[in-house]
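This report refers to the structure that appears directly beneath it.
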Amino acid sequence: MPTLRPTTLAALAGLALLGGCERRGGCTGEYCGTMVIAATGEPDILLPPVSEFATTRDVTEPIFLKLADLGLSGNTVGDEDFQPQLAQRWEWDAPTTLVFHLDPRAHWQDGQAVTAADVAFTYDVYTDTVVNSPFRSSLRHIAAVTTRDSLTVVFRFRQRYPEMFYDAVYHMRIMPAHLLRELPRDQWRSTPFGRAPVGDGPYRFVAWKAGQSIELAADSTFFLGRPHIRRLIFRFTPDQQVAVTQLLAGDADVIEVLITPDNVERACADAKLACYPYKGSAYGYVGFNLAAPGDSTKPHPLFGDRDLRRALVLATDRERPLHNVFGDLARVPPGPMSQLWWVWDPEIRELPYDSAQAARLLTRLGWIDSDGDGIRDKDGRELSFRLLVPTTSAIRRQYARLLQEEFRTAGVDVQLDEVDFTLFNERARAGRFDALLTTWNTDPTPSSGFPQIWTKAGFGRSNYGRYFNPQVDQLVDRAVTSAMNRDQARRAWRSAFEILNQDAPGIFLFATENVAAVNKRFTDVTIRPDSWLALVRTWRVPPDRLTDRDRVER
């Protein structure tokens, strides 16, 4: 069992008491309000270094701070558009040396001060090969993080490049060294701390009812200003439609994205709800496993063949299922990218939909229908594979069936492996699949969002299909680190995407446009596209709009 220091156990026990009782009708004024968020997934653990779940990001965003955070402009180049969090100020000591000065008011929710040692410790954890953080590759250009004194921390980079500051601050949520330093690195994914964290942000952890909800409470002593909303409750729902039903019934207040045209129409027509369109940061795709399931040392018997993968991409009409499912709320992406990325370019060269060419290629590869059953075969084996799909996503299940029909027309048999979200992620990480249908919430820039999935740096972490092309890796590294202007970087990215598209490691299906729905009693609502709850501490419920739920006190 993971070993925690006595101070950790005391802190967790103290925070657990917060969830013991509640009374209604007591809260009035500007700092009340309860926001119930209808969430379609549950976090695996509330420990940012070891989880890439979008729901983990959403829940931990208000619990743990960064040194500085992205501004509303979304500009990741330079440091001008970043907002201070734990760092009060910063300066460049040299072209590759960045110095942060921490805010002396910052403290952990057990009363301990946040120090430079916490920052150095956090970097060590994120880059530790045993911890194996999914964000480790995003920090590969940082050579060292050291301390000068208790409030001064120094980042040294391997070279100068445009997004140095972004790399220093965006990926790491600072962890409490005094509570976690003695935790063995191989136990970070199972520690009790991850079920009841102690943070430094505007909200503190209260309770986690597995399969039901997570509750956070505003920290009235938060050094950057007391949050206006008193409680955040993430209520887990089995799928998107249940979440929308709860929203329309008034049982939930907020939903991050409505996804389908029908849901948008219903929610936006509801008098108690306000709709907020914003750029989508997600794309969905079928990812092929290029390695044998469960044995990454061997090629996959089907998808190790580049030409077979290309044939399957050519056989897929991506526009038809997109319009069937999303209407105008998504676009077919020209590669693995979200609409949030500045490199989005419809002119990027990719494999077209061409069923005739797909059929010719499959025949040339020896896959023919020798027995007339409608499924191609070769050497006594049918052209058949299993597609891994999470049961929690109605959208992906619908897509899976539409794709199953398309592939059947091409003479390819697809069996659906529909499993719960936890098992889906376990199998994806372990490489125990033929192909999977997934979505990826991207970082705001391809510099970090692309390498963790589509380069060798992502092996053992987020590159589930183990795609690797040295040319792509070299182009990505050149685009990220060279002292080039945006036009030069765009050309390097375009070349990388085009090579990847020709390799066909996946079928890139949709890139969403988002519409959030929020109960109208909430005001000052601002949504940042890359992290929709990043500014939740500034949202509020005016006193004259408080409901009984808002007045609940603990």
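None of the figures in this text is laboratory data; all of them are computed from the coordinates on show. Everything numeric here is computed off the predicted structure, so don't read it as measured data. Using ideal geometry, Cβ is built from the backbone for each residue, glycine included, and neighbour counts are taken over all protein chains shown.
Below, the figures for the structure above:
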quantity	calculated
Percent RCO, i.e. relative contact order, over the range 16-158, from Cα pairs under 8 Å lying at least 6 residues apart	17 percent
Over the range 331-398, relative contact order from alpha-carbon pairs under 8 Å, at least 6 apart, %	14 percent
Full-extension gain in nm, His323 to Asp473, via 0.36 nm per residue minus C-alpha separation	50.7 nm
Candidate values (1) 310; (2) 143; (3) 162, label of the one derived for volume of the Cα convex hull per residue in Å³	(2)
Sorted peptide list for 345-351, 27-33, criterion being average Cβ within 10 angstrom, highest first	27-33, 345-351
Aspartates and glutamates whose Cα lies under 12 Å from that of Lys378, excluding same-chain neighbours fewer than 8 positions away	Asp369
Average Cα contact separation per residue, the range 282-512, under 8 Å, 6 or more apart, as relative contact order %	34 percent
Segment Leu365-Ala144, extension gain: residue separation times 0.36 nm, minus the distance between their alpha carbons	74.6 nm
Out-of-range pairs (alpha-carbon distance over 30 Å; input Lys66/Lys272; Lys279/Lys520; Lys209/Lys272; Lys209/Lys298; Lys209/Lys279)	Lys66/Lys272; Lys209/Lys298; Lys209/Lys279
Between the range 89-108 and the range 253-328, the Cα center-to-center distance that results, in Å	40 Å
FRET efficiency, Asp93 to Gln488 (Cβ-Cβ, R0 25 Å, nearest 0.05)	0.35
Centre separation in Å (Cα based) which lies between the range 359-399 and the range 485-554	35 Å
